[in-house]
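One structure is given here, and the rest of the page talks about it.
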Amino acid sequence: MMHPSAIYPVVDRLRKHRIRFALGGSGMLHAMGLVQVVNDWDLSVECKKEELLQALHGLDWEELGCGTAPFASGYRISIPSLNADVIGNFAMQTELGKVELPVRVGWEWEGIPVSAPEVWFVAYSLMGREEKAALILEHLKRHPERIHAGLVEALLESPALPALERQELEGLLVLSGSRGNIMDTERLRIRRYQVEDLAELHGLLSDPLTMSFWPAPFDLEQSERWLKDRALALYPSGMGRMAVELKDTGELIGDVGLIRQELDGAAEYDLGYIVSSRHWGHGYGLEAARSMLEYGLNTLRLPRICANMPADHTSSRAVAEKLDFTLEKTFRNSRNRNIETCLYVKEGL
């Protein structure tokens, strides 16, 4: 049987180029102890094809077709000498539309990030490979503590997910004991926004003191776009801005989250945090940011997380420094009045 070290040349290149990836297919099943034989290695990635090909420079590769329905991924690159396939923007087609399958790391095995099995349960089920789908489903039912509830919820948000897969995922969510809260801290509840949160969110983003380090307080249209584009639209990927509430009262006092965006010309995973000026001085920003950082590193397994803020925003910089971020550089932020901006970084896997 093939040893996982066979694909280290690919793994090393993906890490060097900071491409998010995870081992799936029979390799994942073997890592879970569910099968004994691995015939080939499947790696899923989230990046443009050009970025992947640049990372694979020096290896012999060939582009294969993704196949007909239900296969609907963006591209597929084969490395025959390593018996490896790299699948870009993994997706399946159903009668209801395209089901996008995110790269989500469940754990690391032999130095390789392994996909959360819920992703491949859906993939195998939609491929019609019921035996492998059943292996994963039964494993998760036997070990409900291993269910990635946030990922299950994200998968359930796909309108193209058929009824059978939806029913099984709903069952996993019940077993996990989670029904929507992403994380709780000692004093805070961090949860996904709902459309009904717009009024409270706008109250936060339109406050002049709260937004004093931003270009300007938000008008209602900007708050609506924030809710739609930076929160609701990103939840299927496991990222997006989220509401920060006080546990004791349920009051929405802030906003925190991870998004993929360009910072000084480079695409980065950016950790952002906002706390209402009425609640400054209580450490809520640090508490929320720490929880979101841990989620990004330990659940999403992001390779690198950044935080950016105006150079004179001392309280925001203090949060980043207390979380052991390192100041990488300063730059002029064209999206915020071209002011001097600090870029803090923290490396993950």
Quick check on the range 131-148. Is at least one of its residues assigned to a helix (DSSP H, G or I), buried (at least 22 other Cβ atoms within 10 Å of the Cβ) and touching a strand residue (DSSP E or B) at 6+ places or on another chain (Cβ under 9 Å)? no
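Given the structure, is V195 exposed (fewer than 14 other Cβ atoms within 10 Å of the Cβ) and within 22 Å of the chain's Cα centre (by Cα)? Steps first, please.
Values: exposed (fewer than 14 other Cβ atoms within 10 Å of the Cβ): yes; within 22 Å of the chain's Cα centre (by Cα): yes.
Criteria met by V195.
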State whether one or more residues within the range 67-84 are surrounded by 16 or more Cβ atoms within 10 Å (Cβ to Cβ), farther than 28 Å from G150 by Cα and β-branched (V, I, T). yes
Counting only residues in the range 36-51 that are surrounded by fewer than 22 Cβ atoms within 10 Å (Cβ to Cβ) and of a type in the set (A, V, I, L, M), the one farthest from the chain's Cα centre (by Cα) is identified as V37
Among the residues of the range 97-112, are any within 23 Å of P303 (Cα to Cα), acidic (D, E), without any contact (Cβ under 8 Å) to a residue 12 or more places away in the chain and outside any strand (DSSP E or B)? no
Pairing a residue in the range 19-38 that is part of a strand (DSSP E or B) with any residue that is of a type in the set (V, I, T), where Cβ atoms lie under 6 Å and the two sit 6 or more apart in sequence or on different chains, gives R20/V103; F21/V45; A22/V103; A22/V105; L23/I112; L23/V114
Can you confirm whether R301 is more than 22 Å from E186 (Cβ to Cβ) and surrounded by 18 or more Cβ atoms within 10 Å (Cβ to Cβ)? yes
Filtered residue count, the range 102-141, keeping only those that are in contact with a helix residue (DSSP H, G or I) (Cβ under 7 Å, 6 or more places away or on another chain), aromatic (F, W, Y) and within 15 Å of F21 (Cα to Cα): 2
R129 vs. criteria modelled with pLDDT under 95, of a type in the set (D, E, K, R), assigned by TED's automatic domain parsing to the domain that holds G74 and within 29 Å of C47 (Cβ to Cβ): no
For L14, which of the numbered conditions (1) part of a helix (DSSP H, G or I); (2) buried (at least 20 other Cβ atoms within 10 Å of the Cβ); (3) in contact with an Asp or Glu (Cβ under 9 Å, 6 or more places away or on another chain) fails to hold? (3)
Could you count how many residues in the range 223-263 are within 29 Å of V99 (Cα to Cα), out of contact with any Leu (no Cβ under 7 Å at 6 or more places or on another chain) and of a type outside the set (A, V, I, L, M)? 12
Subset of the range 209-262 that is of a type in the set (D, E, K, R) and in contact with a Phe, Trp or Tyr (Cβ under 8 Å, 6 or more places away or on another chain) - its residue that is surrounded by the fewest Cβ atoms within 10 Å (Cβ to Cβ): R260
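The values are calculated or read from the model by the stated rules, or taken from the named source; none is laboratory data. Note that the structure is predicted; figures quoted are calculated from it, not measured. Because the Cβ atoms are built from the backbone with ideal geometry, glycine has one as well, and the counts that use them run over all protein chains shown.
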